[in-house]
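Novice: One structure, pasted below without further comment.
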Amino acid sequence: MTEPHIRHIQLLGFEKRFIPSQHYVYMFMVKWQDLTEKLVYRKFTEIYEFHKSLKEMFPIEAGDISKEHRTIPHLPAPKWFDGLRSTENRQVTLSDYFSSLLSLPPKISRCPHVLNFFQVRSDDVNPVANNTNGRKPETFLLKVDTAKKNVSDITGPIILQSYRVIADYEKNSKSELAAKNGDVVEIVEKSENGWWFCQLRNKRGWMPAAYLEPLDGPDESEEQDPNYEGDLHITTKDYSGELDDELSLQEGENVEVIHKLLDGWWVVRKGSITGYFPAMYLQKSGETAPANENPSKRKGLPPRRSTISNANSIHKKERKQISQDTYRRNSKKYLKQRQSIVDTKSPIITENKEEESKSKPQPAIPPRPSKELILDRCSENTKSKIRTLN
């Protein structure tokens, strides 16, 4: 089995945030050896501390013993105050730095220090977005041409999937991406909550998965099959269903997820009732909730596919639709099967039933009537036929 390592690190840009105070974080798309791609956010001060620790771990390659043996790239120290201009100008330096770092021998480029630094953290998945005044972070994306110029010599480039936009989409925040019907975007990251990070020419941002379709056919093949056994989750926020097939649930309720759909609206079961519920408000049972704000405060609920009235697909074959009645029917079948399994695992009860049936008195079998009695009770027509046969 291949040991974990990073194939590629691409700088996407940076964000200006306002919690707990005004600061900047850089956005990196990290591609691992198994071709998974993760989006992480790091402050420059964190990157510089990582750089200093790396130099301490490898003093020869850091040039501490002899400068001519230095292979670890240089990285300038952070300024006393990092403003917008310095943060923006540093992007090329960071792209070059990580490009050079990954080209070093495996003992450095694949060491635990490098791998741990780019592991996904809770604040990468749910980054803080708003402060008490409702101010959203400002996103600054690196131009694609500039990024390619600085990372074109890296082996194992990121191969992005192409999807087509099925209807016009207007963005509602700076972190989102606006697109027109028929545009082809490249998918940088797919999130289960229904928001995908996309690239359209020299722009990047989040788009609802409901507005996207693969070029080669309907995308139900990418969705998981229904799991009628159910996967236990807990609701993290109140939601009142707006459509008839949506469930209204309170925060802290236990539900079973039976079908995860790409648009971020999952089919859940509460008791004997099923319905759609936003994945953004669900958390797997037993997992610890992230310390930061819920991602729904960074992006609103994604639209459902069924609500896009002006969708224009290029595929003749439509996506397969499963009705709530089918979900419920299959769920009941599973519950019955589970109950039958419980019954078969209770031999004591079965034995007791058999003993009870044996202890009950059996009805007496009446004696067979005589020939004369039978003839006496027959009709005259039957008696005449019997006489004829005799």
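The values are calculated or read from the model by the stated rules, or taken from the named source; none is laboratory data. The shown structure was predicted, so the numbers you read here are calculated from the model rather than taken from an experiment. Please note: Cβ atoms are built from the backbone with ideal geometry, for glycine as well, and neighbour counts cover all protein chains shown.
Novice: Please specify each residue of the range 260-307 satisfying the condition of being among the basic types (Lys, Arg), part of a strand (DSSP E or B) and modelled with pLDDT of 90 or more.
Specialist: Of the residues in the range 260-307, the ones among the basic types (Lys, Arg) are 260, 269-270, 284, 297-299, 304-305.
Next, from what is left, pick out any that are part of a strand (DSSP E or B): 269-270, 284.
The answer is Arg269, Lys270.
Novice: From the residues in the range 244-278 that are without any contact (Cβ under 8 Å) to a residue 12 or more places away in the chain and not polar (S, T, N, Q), which one is nearest to Lys336 (Cα to Cα)?
Specialist: Quick first cut of the range 244-278, residues without any contact (Cβ under 8 Å) to a residue 12 or more places away in the chain only: 244, 248, 271.
Now drop any that are not not polar (S, T, N, Q), which leaves 244, 271.
Details: Asp244: 26, Gly271: 14 Å.
In this case the residue turns out to be Gly271.
Novice: So, Val25, is that one part of a strand (DSSP E or B), under 23 Å from the mean Cα position of the chain (by Cα) and of a type in the set (A, V, I, L, M, F, W, C) or not? First the steps, then the outcome.
Specialist: Details: part of a strand (DSSP E or B): yes; under 23 Å from the mean Cα position of the chain (by Cα): no; of a type in the set (A, V, I, L, M, F, W, C): yes.
Judged against the criteria, Val25 is not a match.
Conditions (1) modelled with pLDDT of 90 or more; (2) within 19 Å of Leu11 (Cβ to Cβ), marked per residue:
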residue: Glu56; (1), (2): yes, no
residue: His69; (1), (2): no, no
residue: Ile72; (1), (2): yes, yes
residue: Ser95; (1), (2): yes, yes
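This table checks each residue for (1) within 36 Å of the chain's Cα centre (by Cα); (2) surrounded by 10 or more Cβ atoms within 10 Å (Cβ to Cβ); (3) modelled with pLDDT under 70; (4) among the small types (Gly, Ala, Ser).
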{"residue": "Asn310", "(1), (2), (3), (4)": "yes, no, no, no"}
{"residue": "Pro347", "(1), (2), (3), (4)": "no, no, yes, no"}
{"residue": "Pro367", "(1), (2), (3), (4)": "no, no, no, no"}
{"residue": "Ser379", "(1), (2), (3), (4)": "no, no, no, yes"}
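Novice: Tell me whether the range 224-238 contains one or more residues that are hydrophobic (A, V, I, L, M, F, W, C) and crowded, with 20+ Cβ neighbours inside 10 Å. Give the steps one after another, and end with the answer.
Specialist: First, pick out the residues of the range 224-238 that are hydrophobic (A, V, I, L, M, F, W, C): 232, 234.
Next, only the ones that are crowded, with 20+ Cβ neighbours inside 10 Å stay: none.
No.
Novice: Would you kindly identify the strands (runs of 3 or more DSSP E) lying entirely within the range 173-239 that contain at least 2 residues that are under 26 Å from Gln10 (Cα atoms) and in contact (Cβ under 8 Å) with a residue 12 or more places away in the chain?
Specialist: In the range 173-239, 184-190, 195-200, 203-208, 212-214 are the strands (runs of 3 or more DSSP E) which contain 2 or more residues that are under 26 Å from Gln10 (Cα atoms) and in contact (Cβ under 8 Å) with a residue 12 or more places away in the chain.
Novice: Then there is this: For residues in the range 195-212 being touching a strand residue (DSSP E or B) at 6+ places or on another chain (Cβ under 6 Å) and either more than 20 Å from Met280 (Cα to Cα) or among the small types (Gly, Ala, Ser) (or both), which is surrounded by the most Cβ atoms within 10 Å (Cβ to Cβ)? Give the steps one after another, and end with the answer.
Specialist: Taking the range 195-212 and keeping what is touching a strand residue (DSSP E or B) at 6+ places or on another chain (Cβ under 6 Å), we get 195-200, 204-207, 209, 211-212.
Among the residues that remain, those that are also either more than 20 Å from Met280 (Cα to Cα) or among the small types (Gly, Ala, Ser) (or both) are: 199-200, 204-205, 209.
Numbers: Gln199: 19, Leu200: 18, Arg204: 22, Gly205: 22, Ala209: 26.
Among residues in the range 195-212 that are touching a strand residue (DSSP E or B) at 6+ places or on another chain (Cβ under 6 Å) and either more than 20 Å from Met280 (Cα to Cα) or among the small types (Gly, Ala, Ser) (or both), the one surrounded by the most Cβ atoms within 10 Å (Cβ to Cβ) is Ala209.
Novice: Inside the range 240-259, can you point out the residues that are more than 18 Å from the chain's Cα centre (by Cα) and not in a loop (DSSP other than H, G, I, E, B)? Explain how you work it out, then say what you get.
Specialist: Pass one, the range 240-259, residues more than 18 Å from the chain's Cα centre (by Cα): 240-254.
The answer is Glu246, Leu249, Asn254.
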